[in-house]
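The values are calculated or read from the model by the stated rules, or taken from the named source; none is laboratory data. Remember, predicted model here, so these are calculated numbers, not experimental data. Don't worry about glycine lacking a Cβ; one is built from the backbone with ideal geometry, like all the others, and counts go over all protein chains shown.
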Amino acid sequence: MANSKDPEIIETEVWEERVDGPYEAREIVAGDWRDADYVVEMDGWTMVSNDLAFQESHSKSAPDWSLGCYAVDSNNRTVLTFSGEPCTPFKEALLEGRLLHGVMVARDHQRHGL
């Protein structure tokens, strides 16, 4: 996608309702079921470090990750917290001052009816 003028579009299915088996596409056997997906849209979230020295200095060096960090939405509400060093891309967003955009989907993979 480098130097492309068109954005890349990423698609994923979202299951809005419980799915009962048998359902081969989701590998659910007869008598089993899965809960609906949980979906969170990140629409311009900002990552913030709990390290006040890092916040004040706008340093290019890494913050003290042991203090944790968090994400806020456009209304400055905390929407996600990390007690330590976050995973990529959250870490890179904090270090590079990037906003988070996209969708996170939590999908049920448990066996319920067996």
Subject >> region 1-31, residues that are outside any loop (DSSP other than H, G, I, E, B), modelled with pLDDT under 90 and surrounded by 10 or more Cβ atoms within 10 Å (Cβ to Cβ) >> reply: R26
Original post:
Only one residue in R107, R34 is under 23 Å from I10 (Cα atoms), surrounded by 13 or more Cβ atoms within 10 Å (Cβ to Cβ), among the basic types (K, R) and touching a strand residue (DSSP E or B) at 6+ places or on another chain (Cβ under 9 Å), so which one is that?
Top reply: R107
Subject >> Single match in T46, T88, T81 (criterion: among the polar types (S, T, N, Q) and exposed (fewer than 10 other Cβ atoms within 10 Å of the Cβ)) >> reply: T88
Subject >> Subset of region 70-114 [in contact with a helix residue (DSSP H, G or I) (Cβ under 6 Å, 6 or more places away or on another chain) and more than 30 Å from E17 (Cα to Cα)] >> reply: G84, E85
